[in-house]
Amino acid sequence: MTAKLVIENLKHKPMRSLLSFLLIGVPVTLILTLVGLSHGMLEDSHERARGIGADIIVRGTNANSVLNASGATLSEKKFLELFEKWPHVTQAMGVVLHPIEFPLIVNGVDLPRLMAMSGDLHFLSGGPFQQPNDMIVDQYYAAQKKVKVGDTIHITGLGSTPWRISGIIQGGILAHVLVPLPVLQDLDSATGKVSQIYLKVDDPKNTQSVIAALKEKLGSAYPVWSLEEMTSMLSVNNIQGLKAFIYVIMGVGVVIGFAVVCLSMYMSVLQRTREIGILKSLGGSKAFILRIILAEAMILGLGGTTLGVIMSFGAQWLIRTFVPASLPMQIVPIWWLIAGAITLVGAGLGSVYPGLSAARHDPIEALAYE
């Protein structure tokens, strides 16, 4: 009985119902998109770090956290010579980091060392650097910029010289954009300096002993981590402000869900005053009337959540189509339940006042309502 009344009420005002679904679905989409972006960007960082093939990373003295990479302060010659002679270290490679369009970072690399450490760059087209202004990009950056091998591009923050795309590689190795190491060192006025150094050991079992020895030799001023430690620190909980930002968005979702449902249910109660009077005159209790309003609110919440989940797939498609390198996004199914629970809380709170208002209607006054 209750279900039939609720469904008929929703069908009676289809435009109001659809708008309610849409307005509830928007904050759900916002929550899922934000969570998807945070997880996608972190997973992208994990994948690119693992794709290097290194076991240990050493950073400069001004890198005070895993997220704050240092400028080019490490002496390339001094540290590479030291690490290449270190017991159990088989390869060492220095890189220079240079931020461009947020959140992208160009990596200046010694290509032979990178190819030796990673095994292969998996060129999809083109090949290694041929001249100083050559650039290698991965498939995501190429798709975002709509470039192909042989094209020249200008990149904000990377000088006025046009860069020629010499090769396009498969994503997941070090960075989305690679340029020759000496060229980036000169551009940053850091000749002979690198931002961080990657080390490969002869056996993963020796990683921790090498790290301990390096820390003893270098002291606490130089951060030394295993790649596994570094990637494990790249999580939503460890990024300052991100978790709080997600909670703020959740709060906004609850407020919007509350406001939309409250307004929708209140208008519904006003439009159905005579109906409520008839139900009460036929013996409908206050609890019965309140149950109808709450049930309708829950359906609006579930419908809005479903629509929000569907729209999050649309948001992912748009992001992957236009900015796949800058904003990698994942679909995180567990958050469907979390977003749904948040929405239902907002919908439930929003339906309380209209429900109580409907339950308090005097049947005689309601029947006389025009």
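Starting from region 182-209, keep only residues that are at positive phi, then list their pairs with residues that are surrounded by 19 or more Cβ atoms within 10 Å (Cβ to Cβ) and among the polar types (S, T, N, Q) whose Cβ atoms are within a distance under 9 Å, requiring at least 6 positions of separation or different chains. From residues that are at positive phi, the pairs are G192/Q185. Examine region 219-232 for a residue that is closer than 25 Å to D44 by Cβ, modelled with pLDDT under 80 and loosely packed, with under 14 Cβ neighbours inside 10 Å, and state whether such a residue exists. Scanning region 219-232 turns up at least one residue that is closer than 25 Å to D44 by Cβ, modelled with pLDDT under 80 and loosely packed, with under 14 Cβ neighbours inside 10 Å. Just one of (1) surrounded by fewer than 21 Cβ atoms within 10 Å (Cβ to Cβ); (2) within 17 Å of V96 (Cα to Cα); (3) within 32 Å of the chain's Cα centre (by Cα) fails for A143. It is (2). Exactly one of (1) within 24 Å of L121 (Cβ to Cβ); (2) at pLDDT below 90; (3) crowded, with 16+ Cβ neighbours inside 10 Å is unmet by S166. Its number? Just one mismatch for S166, condition (2). Is it true that T161 is at pLDDT below 90 and either more than 20 Å from P328 (Cα to Cα) or out of contact with any strand residue (DSSP E or B) (no Cβ under 6 Å at 6 or more places or on another chain) (or both)? It is true that T161 is at pLDDT below 90 and either more than 20 Å from P328 (Cα to Cα) or out of contact with any strand residue (DSSP E or B) (no Cβ under 6 Å at 6 or more places or on another chain) (or both). Here is a check on your reading of the model: is Q208 open to solvent by less than 40 Å² (accessible area, probe 1.4 Å) and modelled with pLDDT of 90 or more? For Q208, the condition - open to solvent by less than 40 Å² (accessible area, probe 1.4 Å) and modelled with pLDDT of 90 or more - is not met.
The values are calculated or read from the model by the stated rules, or taken from the named source; none is laboratory data. All figures in this text were calculated on a predicted structure; none of them were measured in a lab. Here the Cβ is made from the backbone with ideal geometry for all residues, glycine too, and neighbour counts use every protein chain on show. These accessible areas exclude ligands, DNA and RNA; they are computed on the full protein's heavy atoms, side chains included. Shrake-Rupley method; radii C 1.70, N 1.55, O 1.52, S 1.80 Å.
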